[in-house]
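Enquirer: Mind having a look at this structure? Questions to follow.
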Amino acid sequence: MDSLIGLTARDAVARLSRGEVSPLDLIDAALARIDATDGAINALPTLCADRARERAERLMADPPADPPPWYLHGLPIAVKDLTAVSGVRCTMGSPVFADWVPEHSDYLVDILEANGAVVLAKANTPEFGAGAQTFNDVFGTTTNPFHTGLTPGGSSGGSAAALAAGQVWLATGSDLGGSLRIPASFTSVVGLRPSPGRVAHGPSDLPFQKLGVEGPMGRTVEDVALMLDAQCGQHPGDPISLERPARTYLDAAVSRALPARIGFSTDLGIAPVDAEVRDICTRAARTFEGLGVAVEDAHPDFAGAEDVFRVLRAAHFAAGKEPLLDTHRDQLKPEVIWNIEEGLKQTAGDIGRAQRRQGAMVQSLMAFFESHDLLLCPTVVAPPFDHRIRYLTELDGVEFPTYVSWLIMTFAITLTGCPAISVPCGFTADGRPVGLQIVAPMGGEHRLLAAAAAFEDAAGLTGCTPIDPRDGAATANDNKDTTP
């Protein structure tokens, strides 16, 4: 069982395709690992083992005659608890939906299951995915396998922690302000935010919104590429979904094609960044020089990114969640109420000004990509912190004005619509993971995955997971204890 848990998703799928192991073998291995580790990290609070076995048995009884190269052959996966899976409890981390069991799956789940995935568990998330620290009043707090006193980040924290602990081989996540990339950075796994429309999802009350996307998480870049292949494609119910590209993303990752020139910034000119994170990411960026790539200290103009994101994110929350204020206000956490109310305060002028500044940032980034193939920067301004803290309130004497301000390195990229990936790039002196964020031009997932895989080889950190959860008190820091 331990040998199966240690396989990459690519290796596990290859063994499944050759009949060397069965989906039932992997389900049993995953369940044993969850039983052994989830008491320490609380990553996968909802299991659907019977559903998974039934699905696996159907796949084994009637395998496809000519499966596509991205077919997963019955690989068990985890699905973030914001995403509906038919017949499985879906709480969205909220007491409002604590007992909801959807009759139908999200389009994303339908696509994955059609491509041979087997859903084994739902991964913990903060309420409605709001915030980058994974806790809620339904299931409690998810902790970091590298140090159970620390947060795995969020909002895809359950998915990230489960991957790092070896509970599953692949997991879904979603990302509005950084919810795929931040937990990947905090747990030394890989998380990719694709271009809007790359992964179909829905049905949605906001079918044309482009701030939030669905995407893949895994322990290696190739695993993430494989899952993106299994996730992507047009769906008639999602009006912005994109056609599947002719070339697979896994082929791009395997190619290890290198860019000619990249720009690197320790702070994008807009954020305080922990000194150790700066040093680790600077050394990581210089790794590309050893691969023959020109690395320059350069970045586009992201001035005003926080104000823009605050306005557009608040408007997004108000559009999607306003009815809950009238019906369930007493069951919502303060941050969700604040988000909705901030959105309701926005005027058409506020939103228009934010959209114009967003457009200027996109133009600046496109100009940057005329002379650079990729942009590199830290994924998060700080390493993982005490899981009892709701959010970072300051760093190096700089106060963060809102509970999402410390996510600025990822949400600045969200505003551009460009694909971005977090890849493990090192550890602090006390063993906390750090991720490097790599950004490609809009629609450039192939370029992104090729370069990320080449960097991953050079960095040599793929053997750090899966890891047995490590007990211990949280790392000391100067932030006030605001216990959830």
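The values are calculated or read from the model by the stated rules, or taken from the named source; none is laboratory data. On a predicted model such as this, the values are computed, not experimentally measured, just so you know. Cβ atoms come from the backbone with ideal geometry, glycine included; neighbour counts cover every protein chain shown.
Enquirer: How many residues are closer than 24 Å to Leu228 by Cα and in contact with a helix residue (DSSP H, G or I) (Cβ under 6 Å, 6 or more places away or on another chain) when one looks only at the range 1-25?
Expert: Residues in the range 1-25 being closer than 24 Å to Leu228 by Cα and in contact with a helix residue (DSSP H, G or I) (Cβ under 6 Å, 6 or more places away or on another chain): 8 in total.
Enquirer: A further question follows. Select from the range 343-371 the residues that are under 16 Å from Gly417 (Cβ atoms) and part of a loop (DSSP other than H, G, I, E, B) and list them in ascending order. Don't jump to the end; show me each part of the working.
Expert: Step one: of the range 343-371, the residues under 16 Å from Gly417 (Cβ atoms) are 354-369.
Answer for the range 343-371, where residues must be under 16 Å from Gly417 (Cβ atoms) and part of a loop (DSSP other than H, G, I, E, B): just Phe369.
Enquirer: Let me ask you something else. Going through the range 377-404 one residue at a time, which ones are among the aliphatic types (A, V, I, L, M), closer than 13 Å to Pro272 by Cα and in contact with a Ser or Thr (Cβ under 7 Å, 6 or more places away or on another chain)?
Expert: Initially, the range 377-404 is screened for residues among the aliphatic types (A, V, I, L, M), giving 380-382, 389, 392, 395, 398, 404.
Those still in the list that are closer than 13 Å to Pro272 by Cα too: 380-382, 392, 395, 398.
Result: Val380, single match.
Enquirer: List the pairs whose first member sits in the range 42-57 and is in contact (Cβ under 8 Å) with a residue 40 or more places away in the chain, whose second member is of a type in the set (Lys, Arg), and whose Cβ atoms are under 6 Å apart, counting only residues at least 6 apart or on separate chains?
Expert: Going by the 6 Å Cβ cut-off, the qualifying pairs are Thr46/Arg89; Thr46/Lys122.
Enquirer: Residues that are loosely packed, with under 15 Cβ neighbours inside 10 Å, assigned by TED's automatic domain parsing to the domain that holds Gly157, of a type outside the set (Lys, Arg) and free of Cβ contacts under 8 Å to residues at least 24 places away in the same chain: does the range 75-92 have at least one?
Expert: No.
Enquirer: Here's a check for you: in the range 32-52, which residue that is of a type in the set (D, E, K, R) and buried (at least 18 other Cβ atoms within 10 Å of the Cβ) is nearest to Ala9 (Cα to Cα)? Explain how you work it out, then say what you get.
Expert: So in the range 32-52, the residues of a type in the set (D, E, K, R) come out as 33, 35, 38, 50-51.
Narrowing the set further to residues that are buried (at least 18 other Cβ atoms within 10 Å of the Cβ) leaves 33, 38.
On the way: Arg33: 16, Asp38: 20 Å.
Checked the range 32-52; the qualifying residue nearest to Ala9 (Cα to Cα) is Arg33.
Enquirer: Now a separate question. Given the structure, is Val138 part of a helix (DSSP H, G or I), touching a helix residue (DSSP H, G or I) at 6+ places or on another chain (Cβ under 8 Å) and either surrounded by fewer than 24 Cβ atoms within 10 Å (Cβ to Cβ) or not assigned by TED's automatic domain parsing to the domain that holds Asp223 (or both)? Write out each step before concluding.
Expert: Values: part of a helix (DSSP H, G or I): no; touching a helix residue (DSSP H, G or I) at 6+ places or on another chain (Cβ under 8 Å): yes; either surrounded by fewer than 24 Cβ atoms within 10 Å (Cβ to Cβ) or not assigned by TED's automatic domain parsing to the domain that holds Asp223 (or both): yes.
The answer is no for Val138.
Enquirer: Please find, within the range 169-221, the residue that is surrounded by the most Cβ atoms within 10 Å (Cβ to Cβ) out of those that are charged (D, E, K, R) and either out of contact with any Leu (no Cβ under 8 Å at 6 or more places or on another chain) or more than 17 Å from Ile111 (Cα to Cα) (or both). Explain how you work it out, then say what you get.
Expert: Looking only at the range 169-221, we keep the residues that are charged (D, E, K, R), and these are 175, 181, 193, 198, 205, 210, 214, 219.
Right, trim to either out of contact with any Leu (no Cβ under 8 Å at 6 or more places or on another chain) or more than 17 Å from Ile111 (Cα to Cα) (or both) and you get 175, 181, 193, 205, 210, 219.
On the way: Asp175: 29, Arg181: 36, Arg193: 34, Asp205: 10, Lys210: 13, Arg219: 29.
Step by step, filter the range 169-221, then rank; the result is Arg181.
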